1. Which residues, counting only those in region 1-26, are over 10 Å from C75 (Cα atoms), in contact with a strand residue (DSSP E or B) (Cβ under 9 Å, 6 or more places away or on another chain), among the charged types (D, E, K, R) and not in a strand (DSSP E or B)?
2. Among the residues in region 27-41, are any surrounded by 15 or more Cβ atoms within 10 Å (Cβ to Cβ), among the hydrophobic types (A, V, I, L, M, F, W, C), outside any strand (DSSP E or B) and modelled with pLDDT of 90 or more?
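The values are calculated or read from the model by the stated rules, or taken from the named source; none is laboratory data. Just so it is clear, the structure is predicted and the values come from calculations on it, not from any experiment. Cβ sites come from the backbone with ideal geometry, for glycine too, and all protein chains shown count toward neighbours.
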Amino acid sequence: MNKQIVRVLPDFAAADQARKTLLAEGFDGDGIDIKVTTDEAGPAESNFYVGDSPQVKGGTDYKDVFRPADRGDLCVMTVTVADASQIERATAILDYNGGLDVDPAHHRPGRA
């Protein structure tokens, strides 16, 4: 059984610490994947600007239309575990390091 746990971490430092802890606990390094959502060009969503030009009557200024959200370098970490005993421990490590489960399927209304 292989199961993947996916979490969004607030920055690379948190993701790196989570990775180090997972490795220290015996998790396979080949099963740990980190993707950083920003690069030298900035956050991915800010590469696609939309909105009114400030010169348009009734338009808004740059900070309201074009400035990316102040959210830092989010990291997406995927941990592949080989058995059920690792699921709970990996989840606890990711949660401790600020990992958020953003999968809407896990947070449906009425679901415990």
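1. R19
2. yes
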